[in-house]
1. Out of 95, 65, 50, report the one residue that is without any contact (Cβ under 8 Å) to a residue 40 or more places away in the chain and either under 28 Å from residue 242 (Cα atoms) or touching a helix residue (DSSP H, G or I) at 6+ places or on another chain (Cβ under 7 Å) (or both).
2. In region 212-261, what residues are at positive phi and part of a helix (DSSP H, G or I)?
3. Regarding region 30-47, can at least one residue be identified that is assigned by TED's automatic domain parsing to the domain that holds residue 125, surrounded by fewer than 15 Cβ atoms within 10 Å (Cβ to Cβ), under 27 Å from residue 184 (Cα atoms) and at pLDDT 80 or above?
4. Out of all the residues in region 177-194, is one or more in a helix (DSSP H, G or I), within 21 Å of residue 288 (Cα to Cα) and free of Cβ contacts under 8 Å to residues at least 24 places away in the same chain?
5. Taking the stated definitions as given, is residue 100 under 15 Å from residue 18 (Cα atoms) and at pLDDT below 90?
6. What single numbered condition from (1) exposed (fewer than 15 other Cβ atoms within 10 Å of the Cβ); (2) at pLDDT 80 or above fails to hold for residue 55?
7. Of the conditions (1) in contact with a helix residue (DSSP H, G or I) (Cβ under 8 Å, 6 or more places away or on another chain); (2) more than 19 Å from residue 27 (Cβ to Cβ); (3) at pLDDT 95 or above, residue 264 satisfies every one except a single condition; which number is it?
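The values are calculated or read from the model by the stated rules, or taken from the named source; none is laboratory data. Keep in mind that what you see is a predicted model, and the values were worked out from it rather than measured. Here Cβ is always computed from backbone atoms with ideal geometry, including for glycine, and neighbour counts include all displayed protein chains.
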């Protein structure tokens, strides 16, 4: 049996894990490595990519900055989350605001310091990334359109760091990025509909608050329809191996998503829609393995 002190620290650790959304960070770390292996540098041996110290530092810095971003976001959204996510908010509140700020600065300082190990430009990139997350959390997230666009841009920034490191400027990478960006932007708009009550109470000027849920559905529908363009291009004009199956499946799922979107009218429905988009995004991470199945099997053997 755990002692009272051990249970206390365990609960605190769970609370901090909830705040930084450790499960999301693990997925992003995996996505960065898979993107590096199969998309950014497919010509390099697996061992050379996996054991690349600079890549490890870039991925680690990304994880630290993202964790810090979740912390500062939780700090600014504490009152709103009491309305939108009461159960999660109660768990998160086990960590004081003072501890959150201390952890935020510690994580960000460590990220910039580690980034300088790779290069001055890497340190500068992560410093700018930190500032962008803070500016978004402090002010931009309350502004319709701009807040959603910035949030989606920040979400794909870790992949941009890997992309710049390998200096791979092939068109297929930009098409992949566009597909991901449109999905994340759609998810951001769904989250605004999901969090409408708290946004109204805290005077957030999101699209759902300013123009209503019908307008939000129209914008989301447009974004989802636009995802079919990069999907088609990746299937038709680029060599994505068996990953074309993922793009076909995701397109079919997005058609279902659109049907459910226009039949939804409650927070419960919006949560389901959010989860559908999240499933497509996370599935895409593992779908990268389908780009070269023979390569996967050879590297496992």
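1. Details: 95 fails: without any contact (Cβ under 8 Å) to a residue 40 or more places away in the chain; 65 fails: without any contact (Cβ under 8 Å) to a residue 40 or more places away in the chain.
Testing whether each residue is without any contact (Cβ under 8 Å) to a residue 40 or more places away in the chain and either under 28 Å from residue 242 (Cα atoms) or touching a helix residue (DSSP H, G or I) at 6+ places or on another chain (Cβ under 7 Å) (or both) leaves just 50.
2. 241
3. Checking region 30-47: at least one residue is assigned by TED's automatic domain parsing to the domain that holds residue 125, surrounded by fewer than 15 Cβ atoms within 10 Å (Cβ to Cβ), under 27 Å from residue 184 (Cα atoms) and at pLDDT 80 or above.
4. Scanning region 177-194 turns up at least one residue that is in a helix (DSSP H, G or I), within 21 Å of residue 288 (Cα to Cα) and free of Cβ contacts under 8 Å to residues at least 24 places away in the same chain.
5. Values: under 15 Å from residue 18 (Cα atoms): yes; at pLDDT below 90: yes.
Answer is yes for this residue.
6. With (1) exposed (fewer than 15 other Cβ atoms within 10 Å of the Cβ); (2) at pLDDT 80 or above applied to residue 55, the lone miss is (1).
7. Condition (3) is where residue 264 drops out.
Yes/no matrix, rows are residues, columns are (1) within 24 Å of residue 286 (Cβ to Cβ); (2) touching a helix residue (DSSP H, G or I) at 6+ places or on another chain (Cβ under 8 Å):
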position: 147; (1), (2): no, yes
position: 169; (1), (2): no, no
position: 177; (1), (2): yes, yes
position: 182; (1), (2): yes, yes
position: 217; (1), (2): no, yes
position: 233; (1), (2): yes, yes
position: 236; (1), (2): yes, no
position: 245; (1), (2): yes, yes
